[in-house]
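Encoded as structure tokens, the structure appears first; notes follow it.
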Amino acid sequence: MFTEYDLIPISALQHFAFCERQCGLIHLEGAWAENRLTVEGKQLHERADSDETEVRGDLRIARGLRIRSLKHGLVGRADVVEFYRDEAPGAVELEGVDGRWRPIPIEYKRGRVKFNSIDEVQICAQALCLEEMLGSVIEGGFLFYGKTRRRHPVTFSPTLRHATTDCVERIRVAMASGKTPHARYQKKCDRCSLYELCLPKAIEQSQQVREYLDRSVQDQPPHDPG
Ligand code: SF4
């Protein structure tokens, strides 16, 4: 079990998958900057982060729910968790509310469905937190994409659960090192909100110069004092 001080923000999973240096800059060095993509993401999350519960008959919609798992060492917020009145296994009791309810997490994403699985890993991390907090098993959830305004179902399979805990472990090791990885310019840097803080092209060039100088010094024959 982890303590409150050891918890990794669920948002770090996205940052780490996008770029390990970006993850280090944000979560080790406290850097942050906005660009068009992050602003669009914020706008999409505005309602989802509103910290309110809406009731529509046998459906309760919790927005901006604070979640955490001491078992997996995670903390964050779930954009939306829908609770459906249900007596089936997996349904849970909610404090101060009659009946049993089946939780389904929904994560909001800008853009459209992507071919990498990091969005699925992120919502699976939310499900791991909710399972621990609610004492239930959550079989699936949805990713809602702002561009298409459609829900994409996600099953929390053993494979996805393993990929999620593996990703969390890799972040934990990277964070424990306390070192932000060096910059390496890649095409995706052009989409990165931290570009102006990271300066990947300039930093990479200075690293190459330093490596060249180090090699030159090593290749020099030993100095003959006589
Ligand atoms: S600019 Fe590139 S190297 Fe720097 S943090 Fe962003 S993605 Fe990573």
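The values are calculated or read from the model by the stated rules, or taken from the named source; none is laboratory data. As the structure is a computational prediction, the values presented were derived from the model and not from experiment. Glycine also receives a Cβ, built like all others from the backbone with ideal geometry; neighbour counts cover every protein chain displayed. Remember, those area values only see protein heavy atoms, side chains included, never the ligands or the DNA or RNA. Shrake-Rupley method; radii C 1.70, N 1.55, O 1.52, S 1.80 Å.
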**Message:** Let me spell it out: the conditions are (1) within 16 Å of the ligand (Cβ to nearest atom); (2) buried (at least 18 other Cβ atoms within 10 Å of the Cβ), and Leu28 meets all of them except one. Which number is the exception?
**Reply:** (2)
**Message:** Test of understanding: among Arg172, Arg85, Arg110, Arg151, which residue is surrounded by 14 or more Cβ atoms within 10 Å (Cβ to Cβ), over 30 Å from Cys198 (Cβ atoms) and touching a residue at least 24 places away in the same chain (Cβ under 8 Å)?
**Reply:** Arg85
**Prompt:** Which members of the stretch 181-211 meet the condition of being open to solvent by 90 Å² or more (accessible area, probe 1.4 Å) and at pLDDT below 80?
**Reply:** Gln205, Gln208, Arg210
**Asked** Any idea which of (1) under 19 Å from Arg151 (Cβ atoms); (2) more than 16 Å from the ligand (Cβ to nearest atom) is the one Gly41 doesn't satisfy?
**Response** (2)
**Asked** Going through the stretch 179-196 one residue at a time, which ones are part of a helix (DSSP H, G or I) and of a type in the set (D, E, K, R)?
**Response** Lys187, Lys188, Asp190, Arg191, Glu196
**Condition met for Ala125 (hydrophobic (A, V, I, L, M, F, W, C), under 15 Å from Ala17 (Cα atoms) and either open to solvent by 30 Å² or more (accessible area, probe 1.4 Å) or over 15 Å from the mean Cα position of the chain (by Cα) (or both))** = no
**Request:** Kindly establish whether Val121 is assigned to a strand (DSSP E or B), in the same structural domain as Arg161 (by TED's automatic domain parsing) and closer than 25 Å to Arg172 by Cα.
**Result:** no
**Request:** Only residues in the stretch 19-41 that are in the same structural domain as Ala176 (by TED's automatic domain parsing) count as the first member; pair them with residues that are more than 9 Å from the ligand (Cβ to nearest atom) and open to solvent by 70 Å² or more (accessible area, probe 1.4 Å), Cβ under 8 angstrom, at least 6 apart or cross-chain, and list the lot.
**Result:** Gly24/Lys179; Ile26/Trp32; Leu28/Lys179; Glu34/Lys42; Leu37/Arg110; Glu40/Arg110; Gly41/Arg110
**Message:** Every residue in the stretch 1-17 that is surrounded by fewer than 19 Cβ atoms within 10 Å (Cβ to Cβ) and aromatic (Phe, Trp, Tyr), please.
**Reply:** Phe2, Tyr5
